[in-house]
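First the structure, in the form of structure tokens, and then the observations on it.
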Amino acid sequence: PEDRRNYKNVFDALIRTVRDEGFGALYAGLMPNILRGMSMNVGMMACYDQAKEVIASLLGDPMTNGPSLPTRMGASATAGFTAALFSMPFDLVKSRLMAQKPDPISGELPYKGIADCAIKIVKQEGPMGFFNGFSAYYGRCAPHAMIILLSIESITNAYRKAFE
């Protein structure tokens, strides 16, 4: 409640942020978001085609006219798993950096940046600390990956049929 800034609208937020904190404040937190997004897309896209082949063989799908829906759904759920696995450490660092508050006595923030935050997580919680709450995070990432990958495949197939 005391942290609320009560902006009137998005333009008021932009103007006040630039005036009060400087233009660079509009880009605060950009790098952790870029790292999270890159790792999520690498995890999702890198394994999707391989997962389709493996799941098709497990389901006995010959994929003569393309993969069946169960094959595509299984592959996209697998891609959602790898997307969550690859991006969760970056998401945790991003969340910690976003939520940090200055120490009431010294005024210092707990983390100096991305690397400092990651090092402190490893030291205080161990490497597996990056994956606490993985099942909930996967539950959030898998539907996203499934919708994106199933949509891409359907749109690509429709485009090929229309223009070939």
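Of note:
- Subset of the range 92-150 [within 29 Å of residue 25 (Cβ to Cβ) and loosely packed, with under 11 Cβ neighbours inside 10 Å]: 99, 101, 102, 103, 104, 105, 106, 107, 108, 115, 124
- Single match in 73, 40, 31, 98 (criterion: in contact (Cβ under 8 Å) with a residue 40 or more places away in the chain, in a helix (DSSP H, G or I) and touching a helix residue (DSSP H, G or I) at 6+ places or on another chain (Cβ under 6 Å)): 40
- For the range 2-16, filtering for residues that are surrounded by 10 or more Cβ atoms within 10 Å (Cβ to Cβ) and under 26 Å from the mean Cα position of the chain (by Cα) leaves 2.
- Residue 153, sole failed condition from (1) under 30 Å from residue 65 (Cβ atoms); (2) under 16 Å from the mean Cα position of the chain (by Cα); (3) open to solvent by less than 70 Å² (accessible area, probe 1.4 Å): (2)
- Filter result for the condition that a residue is open to solvent by less than 80 Å² (accessible area, probe 1.4 Å), in contact (Cβ under 8 Å) with a residue 40 or more places away in the chain and out of contact with any helix residue (DSSP H, G or I) (no Cβ under 6 Å at 6 or more places or on another chain), over 66, 80, 22: 66
- Positions within the range 108-124 being closer than 12 Å to residue 93 by Cβ and in a helix (DSSP H, G or I), in sequence order: 114, 115, 116, 117, 118, 119, 120, 121, 122
- Taken over the range 78-104, residues that are over 12 Å from the mean Cα position of the chain (by Cα), closer than 14 Å to residue 33 by Cα and not hydrophobic (A, V, I, L, M, F, W, C) amount to 1.
The values are calculated or read from the model by the stated rules, or taken from the named source; none is laboratory data. Because the structure is predicted, anything quoted here is derived from the model rather than measured. Don't worry about glycine lacking a Cβ; one is built from the backbone with ideal geometry, like all the others, and counts go over all protein chains shown. Heavy atoms of the whole protein, side chains included, go into the accessibility calculation; ligands, DNA and RNA do not. Shrake-Rupley method; radii C 1.70, N 1.55, O 1.52, S 1.80 Å.
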